[in-house]
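Below you'll find the structure, written out as structure tokens, and then a few comments.
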Amino acid sequence: MAIALGWLIFALALAGAEALTGDMFLLMLGGGALAAAGTAWLTDWPILADGAVFLVVSVLLVVLVRPALRQRVTPKSLPTGVEALEGKKALVLGRVARDEGQVKLDGQVWTARPFNDDDVYEPGESVTVVHIDGATAVVLKH
């Protein structure tokens with residue numbers, strides 16, 4: 001019973017330390033320690049067997065559970081810079097053709113060219129930014 005209590009205290013200490021790191025590694029070790037505490041409480045195996053349970057369960061949790069848990073908990077990064085502009089609507093200010101054009105995109109005036117070289121967009125039309133090529137917005141009518 002004393003060994004089970006020791007494993008339980010170790011599991012709680014690891015879970016508490018996880019609150020400081022946020023990496024989910026110590027939490028997985030805490031799960032292994034909790035499994036070892038359960039084994040020590042339910043069986044009369046030697047302490048080395050409890051250590052083996054701790055090792056096996058910890059490795060399984062780190063390898064199988066931790067990646068999925070981190071993927072769910074980690075926030076998805078939002079696009080920034082020019083990647084954030086792709087897919088946005090823009091208003092044609094100056095005729096957009098192969099070698100000319102201006103659009104208003106997010107309140108700023110951008111040089112623009114059509115995605116397809118043969119397309120021409122007139123002022124007042126709404127277009128979608130396909131991607132940014134340097135300082136030029138490549139646009140397509142939606």
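The values are calculated or read from the model by the stated rules, or taken from the named source; none is laboratory data. Everything numeric here is computed off the predicted structure, so don't read it as measured data. Using ideal geometry, Cβ is built from the backbone for each residue, glycine included, and neighbour counts are taken over all protein chains shown. Keep in mind that these areas ignore ligands, DNA and RNA; they rest on the heavy atoms of the full protein, side chains included. Shrake-Rupley method; radii C 1.70, N 1.55, O 1.52, S 1.80 Å.
Quick notes on this one:
- Cα shape, the range 1-73, gyration tensor, a/c 1.5 rule: oblate
- Charge tally for Thr111 (other residues, Cβ to Cβ under 15 Å; Lys, Arg +1; Asp, Glu -1): 0.
- Rounded to the nearest 20 debye, the dipole magnitude of the range 1-80 is 420 debye, with +1 charges on Lys and Arg beta carbons, -1 on Asp and Glu beta carbons, and the Cα centre as origin.
- Portion, in percent, of the accessible area of the range 82-141 that falls on carbon or sulfur, probe 1.4 Å: 46
- For the chain, the mean residue ellipticity at 222 nm estimated from helices alone is -14000 deg cm²/dmol, where every DSSP H run of n ≥ 4 contributes -39500 (n - 2.57) and the total is divided by all residues, rounded to the nearest 500.
- Euclidean distance of C-alpha centroids, the range 91-142 and the range 50-70, integer Å: 53
- Per residue, in Å², the accessible surface of the range 1-106 once ligands and nucleic acids are set aside, probe 1.4 Å: 67
- Normalised by the number of residues in the chain, the mean separation of alpha-carbon contacts (under 8 Å, six or more apart) gives a relative contact order of 16 percent.
- Aspartates and glutamates whose Cα lies under 14 Å from that of Lys104, excluding same-chain neighbours fewer than 8 positions away: Glu86, Glu122, Glu125
- Dipole of the chain, positive end: most advanced residue of Val62, Gly87, Leu48 [Cβ charges, Cα centre]: Leu48
- Partners for Lys88 among aspartates and glutamates (Cα-Cα distance below 13 Å; same-chain residues under 8 apart left out): Asp106
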